[in-house]
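Read through the structure below, which is laid out as C-alpha cells, and then see the notes.
The values are calculated or read from the model by the stated rules, or taken from the named source; none is laboratory data. Because the structure is predicted, anything quoted here is derived from the model rather than measured. When we count neighbours, we look across all protein chains shown, and the Cβ atoms used for this are built from the backbone with ideal geometry, even at glycine. Accessible surface areas use protein heavy atoms only, side chains included; no ligands, DNA or RNA. Shrake-Rupley method; radii C 1.70, N 1.55, O 1.52, S 1.80 Å.
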Amino acid sequence: MQTQSSTDQVHLPQIVLSRNDGMPLDLAWLRNVQANTPAIERRVAALPGRRSIKKDHQAAWLCRAISCIDLTTLAGDDTAGRVRRLCAKARQPVRADLLAALGMDGLTVGAVCVYHDMIGTALDALADSGIPVAAVSTGFPAGLSPFPLRLAEIEASVAAGADEIDIVISRRHVLTGDWQALFDEMTAFRAACGAAHVKAILATGELGSLRNVARASLVCMMAGADFIKTSTGKEPVNATLPVTLVMLRAIRDYYSQTGIKVGYKPAGGISRAKDALVYLSLIKEELGNDWLDPVLFRFGASSLLGDIERQLEHHVSGAYSAGWRHAMG
C-alpha cells in the first residue's frame, strides 16, 4: 500500500530553514490592523465540515503532519533517559512495519524541543539524523526573568549547539500597546540567537484580543522572528483555530509587503489526528503549499504523534489498536 504521491511528498531531513531579516517598525501599518472576531469565528467553524480527507489521501496528510511535529518534552522531571527515548522516537516516529506498508521509509519529525540542560543529550542522540534541536529560552514559560539573564540564556543555548531557539515575549508590552518595547525586545533576542533560528512565542491566550494577536505577530516578524508560535503550552488557553487564522493572515500580509516567508507553529492542545488535518487544511487555504513543510510549519506537540500513529495502523490493518502499541519511548 503506497500513500505517497508526486504531489504529496513528505519533506525529509536535512531541514534548512529560511531567515527573516526583519524591517523597521511600521506603526502606521499596526494602527490599521483590525480583527473581525465574529467573521473569524465563522470562517474557522465551517472548516471541519468543508474539508474531508479520506483513505490514502488522509494517510499521506497524516505522514506530512508527522514530518512537521516539534517532538517536545518540557517537564520538571525530565531526565537524560527520557530525552534519549524521545529522540529515538523522533528518528522513527512510526513503527517500521507500518512505514513499510505505507511506503514511507525515512520519515522523521521536524525537530526535538527541550530545555537548555538537555541540549547536549539531544544532540548526541540525534547525531547524523538531520533533525534540528530546539531549546526554549528567555525565562520560559512566563518570560519574566531579568532581561540580561534572558539574553544570556539564549546565548548559552546557541553555544551549546541548539539549532532553534523558542523565545517568550513579554505579554505586558502587548497588553499596554507598547509596540516599540516589544520590537526592541524581539530585536535583541534575534541578535542573541546569532545563526540559530528564532521562534517567537506570543502566548496568545494571555493577549486579550485577536487584534492584539495580529499586531504582536506583525511586530515580532518586523523584528526578525523566523517563526511565530501561539503558546508555551502552559497557558490555560493555547492554540485555537481563530488565533491560527489571525496569525496566518499576519504572515500572509508580511509576505505580501516584504517577500519574506515566516513560519507558523501552533502549540498546546493539539492532540488528535483529525485536528492536525484541520490545521493543515487551513494552512493550505490561507498560505499555500509552501507552508505545508517543516521549513515553515511545525506542530508543538507530543501526544499528537501517538494518535496519528494509531490512525495509520487503522489505515493499514483496518483495526484500531491500543495506545500502548504506540509508545513515545
* Would you please list the contacts, defined by Cβ atoms under 7 Å and residues six or more apart or on different chains, that run from a residue in the stretch 90-110 that is in contact (Cβ under 8 Å) with a residue 24 or more places away in the chain to a residue that is surrounded by fewer than 22 Cβ atoms within 10 Å (Cβ to Cβ) and of a type in the set (Ser, Thr, Tyr)? => ARG91/SER129; THR108/SER129
* Asked: If ALA191 satisfies every condition in (1) under 28 Å from ALA90 (Cα atoms); (2) among the small types (Gly, Ala, Ser); (3) open to solvent by 20 Å² or more (accessible area, probe 1.4 Å); (4) not in a loop (DSSP other than H, G, I, E, B) but one, which is the exception?
  -> (1)
* Asked: Only one of SER231, SER303, SER281, SER217 is among the polar types (S, T, N, Q) and open to solvent by 10 Å² or more (accessible area, probe 1.4 Å); which?
  -> SER303
* To do: Determine whether the stretch 285-300 contains at least one residue that is basic (Lys, Arg) and open to solvent by 20 Å² or more (accessible area, probe 1.4 Å).
  => no
* Would you tally the residues in the stretch 259-278 being at pLDDT below 95 and hydroxyl-bearing (Ser, Thr, Tyr)? => 1
* Top-ranked residue of the stretch 16-63 - restricted to ones that are among the basic types (Lys, Arg) and part of a helix (DSSP H, G or I), ranked as nearest to ASP275 (Cα to Cα) -> ARG50
* Subset of the stretch 116-159 [open to solvent by less than 40 Å² (accessible area, probe 1.4 Å) and touching a Lys or Arg at 6+ places or on another chain (Cβ under 8 Å)] -> THR121, ALA125, LEU126, SER129, ILE131, ALA134, SER137, THR138, GLY139, GLY143
* Kindly provide the set of residues from the stretch 258-269 that are buried (at least 20 other Cβ atoms within 10 Å of the Cβ), out of contact with any strand residue (DSSP E or B) (no Cβ under 6 Å at 6 or more places or on another chain) and of a type in the set (A, V, I, L, M), ordered by number. => VAL262
* Please find, within the stretch 168-185, the residue that is nearest to ALA223 (Cα to Cα) out of those that are of a type in the set (Val, Ile, Thr) and outside any helix (DSSP H, G or I). => ILE169
* Asked: Exactly one of (1) touching a helix residue (DSSP H, G or I) at 6+ places or on another chain (Cβ under 8 Å); (2) under 30 Å from MET118 (Cα atoms); (3) open to solvent by 20 Å² or more (accessible area, probe 1.4 Å) is unmet by CYS63. Its number?
  -> (3)
* Asked: When both residues are 6+ apart or on different chains and their Cβ atoms are under 8 Å apart, which pairs have a first residue that lies in the stretch 29-47 and is within 13 Å of ARG249 (Cα to Cα), and a second that is part of a helix (DSSP H, G or I) and open to solvent by 40 Å² or more (accessible area, probe 1.4 Å)?
  -> VAL33/ARG211; GLN34/ARG211; ALA35/ARG211
* Asked: Restricting to the stretch 199-249, what's the tally of residues that are hydrophobic (A, V, I, L, M, F, W, C), under 20 Å from ASN20 (Cα atoms), assigned to a helix (DSSP H, G or I) and free of Cβ contacts under 8 Å to residues at least 60 places away in the same chain?
  -> 4
